[in-house]
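Q: Below: one structure in structure tokens.
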Amino acid sequence: MLQIYKTINGNIQEIDSFDEKGIWINLTDPSEGEITEVSARTGIEADFLRAALDAEERPRIEAEDGQVLIVIDIPYITGKDSPVTYNTIPLGIVVTEEAIVTVCLQHTVLIEEMIRRKSLMPHTQKKTRFVL
């Protein structure tokens, strides 16, 4: 799934354009076509976008050609029965001059909360704050 957001008047809003600066592109279990499209439209290396799609990927930071890849492990719920169990899954964050891209294998509470709490999110144009 491909979603594009931008902070407009203090709230994160979904938009349709790759052409604006300061956007957040969220990829959840992306298809190869979505990866190719985001790579072509943003100039981000496709390997950076695919990095978090390996469930065994290790946390790391890598920089190349004005792009920074941050891979972290985030928690997700693996069982809904009592007791609830958790595991971790890689989340890739790619930061460029024009955009922030998040990539994950599945929907997670972390990303859902970021989208739901639109007015409490840092501006997408303030990349360092957004990543932190």
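Since every read-out is calculated from the coordinates, none of them should be taken as a lab result. Nothing here was measured: the structure is a model prediction, and the numbers come from that model. Cβ sites come from the backbone with ideal geometry, for glycine too, and all protein chains shown count toward neighbours.
Q: Looking at segment 1-74 from every direction and averaging, what is the projected area of its Cα convex hull in nm²?
A: Approximately 5.6 nm², given one-decimal rounding.
Q: Top mean-square fluctuation among 66, 79, 43, Gaussian network model of the chain, C-alpha springs under 10 Å?
A: For the chain, modelled as a Gaussian network with Cα springs under 10 Å, the answer is 79.
Q: Work out the count of Lys pairs in the chain where the Cα-Cα distance is under 27 Å, with the pair 8 or more places apart or on different chains.
A: Lysine pairs satisfying the spacing and distance rule in the chain number 10.
Q: From the phi of every residue in segment 126-132, what ³J(HN,Hα) in whole Hz does the Karplus formula 6.51 cos²θ - 1.76 cosθ + 1.60 yield, where θ is phi - 60° and glycine or proline is x?
A: The phi angles translate into 9, 4, 5, 4, 4, 5, 5 Hz.
Q: Applying 1/(1 + (r/R0)^6) with R0 = 22 Å to the Cβ-Cβ distance of residue 106 and residue 32, what FRET efficiency is obtained, to the nearest 0.05?
A: Computed FRET efficiency for residue 106 and residue 32: 0.85.
Q: In whole Å, how far is the Cα centre of segment 23-40 from that of segment 59-79?
A: Between the Cα centres of segment 23-40 and segment 59-79 lies a distance of 15 Å.
Q: Please give the contour-minus-distance gain from residue 16 to residue 77: 0.36 nm per residue of separation, less the Cα-Cα distance, rounded to one decimal in nm.
A: Stretched fully, the residue 16-residue 77 segment lengthens by 18.9 nm.
Q: Stretch residue 2-residue 60 to full length: gain in nm at 0.36 nm per residue minus the Cα-Cα span?
A: Result for the pair: 18.5 nm of gain on full extension.
Q: Okay, next question. For the chain, what does the relative contact order come out to in percent, with C-alpha contacts under 8 Å and a separation of six or more?
A: Result for the chain is 29 percent.
Q: Between beta-carbons, use under 15 Å as the cut-off and find the net charge around residue 96, counting Lys and Arg +1, Asp and Glu -1.
A: Surrounding charge for residue 96 is -4.
Q: Moving on. At 222 nm, what helix-only mean residue ellipticity would the chain give, in deg cm²/dmol to the nearest 500, using -39500 (n - 2.57) for each DSSP H run of four or more?
A: For the chain, the value works out to -5500 deg cm²/dmol.
Q: Dividing the convex hull volume of the alpha carbon atoms of segment 59-132 by its residue count, what do you get in Å³ per residue?
A: 98 Å³
Q: Moving on. With +1 on each Lys and Arg Cβ and -1 on each Asp and Glu Cβ, and nothing else charged, work out how big the dipole of the chain is about its Cα centre, in Debye to the nearest 20.
A: Roughly 740 debye for the chain.
Q: Okay, moving on. In the calculated pair distance distribution of the chain, what percentage of Cα-Cα distances lie above 28 Å?
A: Of the Cα pairs, 13 percent sit more than 28 Å apart.
Q: Placing +1 on the Cβ of each Lys and Arg and -1 on the Cβ of each Asp and Glu in the chain, which of 36, 49, 107 has its Cα farthest towards the positive end of the resulting dipole?
A: Checked the options; the winner is 107.
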